[in-house]
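Peer 1: One structure coming up, written as structure tokens, with questions to follow.
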Amino acid sequence: MCKIKMVMFDLSGTTVHDDTGVRDCLYKAAQEQGLRTTPEEILLHMGTNKIHLYQFLIAREKGRALDFRDFEKSQDSATLEFATKVFHRYEEIMMDHYRNEVKEVPGASATFQWCHEHGIKVATDTGFHHSITRAIMDRLGWLREGLVDISVDVEDIPGERGRPAPFMIFHAMQHLDIQCVNEVIKIGDTPADMLEGINAGCRGVVGVLSGPRPVSAWGCYRHTHVIPTVKELPQLIETEFS
């Protein structure tokens, strides 16, 4: 069996504490702009490119039947202008939230350090855009202190195609010279994370229980393991991936 050489960590809910703050910001912007949705619908479809999420919600509001698994395979240009307007308001609300509320999930930094001590590269990916990703990284200092080797977000990918497409994982692999998906673990707390890892062909697709979604929301999507939090990942790697 190949040694694990890279772990792709989700941010919000997995390594960055989230008690529905992201969902609430997304919902508040939708309400302000007259987009009819529910907090529950938003929570289920988080982890994705937020503009595309709003496009998805707009299409659903108009009665179009969409499969979440095909989220990034096609985009409706007719919904883009309205979705972008809602997104810009969300971005303002989210930036204000993260100026005050950014903290790591307990054990995240220690897990990153353990990975480096065992020759494993640390990558993060997210459905956020550059501005919010930078705010998180600046506040937590993970890139600055070398705990994270690469931080990827949707704007790093042509067409801004985020999860559940696998391209952010491939982008990190190319940057870090990881040449086989059998050497990669994906870990997250959303359906989008599980689908991304499976679509990329990762050897491990690990769900965590630290996010705001119940396991029933993402556990129906294919995955290989479930652990309470990212703190338990080192033990999982030693017992299951060595």
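The values are calculated or read from the model by the stated rules, or taken from the named source; none is laboratory data. Note that the structure is a prediction, hence the values are computed from the model and not measured. As a convention, Cβ positions derive from the backbone with ideal geometry for all residues, glycine included, and neighbour counts pool all protein chains shown. Side chains are part of the model used for accessible areas, which takes the heavy atoms of the whole protein and leaves out ligands, DNA and RNA. Shrake-Rupley method; radii C 1.70, N 1.55, O 1.52, S 1.80 Å.
Peer 1: Got a number for the accessible area of C2? Probe 1.4 Å, square angstrom, nearest 10.
Peer 2: Taking all protein chains as shown, C2 has close to 50 Å².
Peer 1: Return the Rg/Rh value of region 103-156, two decimal places, where both radii are evaluated on C-alpha atoms and Rh is the Kirkwood radius.
Peer 2: Ratio of gyration radius to Kirkwood radius: 0.96.
Peer 1: Name the residue, out of T48, T15, T84, whose mean-square fluctuation peaks in a Gaussian network model built on the chain with Cα pairs under 10 Å.
Peer 2: Of T48, T15, T84, the most mobile in the Gaussian network model is T84.
Peer 1: Continuing with this model, one more query. Average the reciprocal distances over every distinct pair of alpha-carbons in region 157-242, invert the result, and give the Kirkwood radius in Å.
Peer 2: Its Kirkwood hydrodynamic radius stands at 13.2 Å.
Peer 1: Here's another thing I want to ask about it. In terms of the ratio Rg/(2.2 N^0.38 Å) built on C-alpha atoms, what value belongs to region 1-108?
Peer 2: Normalised Rg, Cα atoms only: 1.20.
Peer 1: Still on this model: Going through the cross-link list K186/K231; K50/K231; K73/K103; K73/K186; K121/K231, which pairs have a Cα-Cα distance over 25 Å in this structure?
Peer 2: Pairs exceeding 25 Å: K50/K231; K73/K103.
Peer 1: Ok, one more. Once you place label points 7 Å from the Cα toward the Cβ at L66 and L80, how far apart are they in nm?
Peer 2: Going from the L66 label point to the L80 one covers 1.4 nm.
Peer 1: Let me ask something additional. Along the charge dipole of the chain, Cβ charges K/R +1 and D/E -1, which of V152, H223, A135 sits furthest on the positive end?
Peer 2: The residue sitting most towards the positive pole is H223.
Peer 1: E238 to Q31: extension gain in nm, 0.36 nm per residue of separation minus the Cα-Cα distance?
Peer 2: 69.9 nm
Peer 1: If the elastic network links every pair of Cα atoms under 10 Å, which of L53, L176, L66 fluctuates the most in the Gaussian network model of the chain?
Peer 2: Judging by the Gaussian network model, the answer is L66.
Peer 1: Across bins of 10 angstrom width beginning at 0, how are the C-alpha pair distances of the chain distributed, in whole percent?
Peer 2: 8, 35, 38, 16, 3, 0
Peer 1: Within region 196-224, whose backbone N sits under 13 Å from a point 7 Å along Cα→Cβ of E40?
Peer 2: Flagged as within label range: 214, 217.
Peer 1: Further question: Accessible area of the chain with a 1.4 Å probe: how many percent of it is carbon plus sulfur?
Peer 2: Carbon and sulfur together cover 49 percent of it.
Peer 1: Follow-up question, since we're still on this one. Rounded, prolate or oblate: pick one for region 53-102, where a ≥ b ≥ c are the square roots of the eigenvalues of its C-alpha gyration tensor, a/c under 1.5 means rounded, and failing that, prolate if a/b is larger than b/c, else oblate.
Peer 2: Since a/c reaches 1.5 and a/b is larger than b/c, the shape of region 53-102 is classed as prolate.
Peer 1: What do you get for Rg/Rh of region 49-133 when both radii come from the Cα atoms and Rh is the Kirkwood radius?
Peer 2: We get a ratio of 1.11 for region 49-133.
Peer 1: Based on Cβ point charges of +1 for Lys and Arg and -1 for Asp and Glu, what charge dipole magnitude is obtained for the chain about its Cα centre, in debye rounded to the nearest 20?
Peer 2: Taking the Cα centre of the chain as origin, the dipole is about 340 debye.
Peer 1: Given H placed 1.01 Å from N in the peptide plane, which residues other than close sequence neighbours of D125 have an amide H under 5 Å from its amide H?
Peer 2: F9, D10, L11, V152
Peer 1: Related question: Suppose only helical runs count, i.e. DSSP H with n ≥ 4. What mean residue ellipticity at 222 nm does that imply for the chain under -39500 (n - 2.57) per run, divided by all residues and rounded to the nearest 500 deg cm²/dmol?
Peer 2: Mean residue ellipticity, 222 nm, calculated: -13000 deg cm²/dmol.
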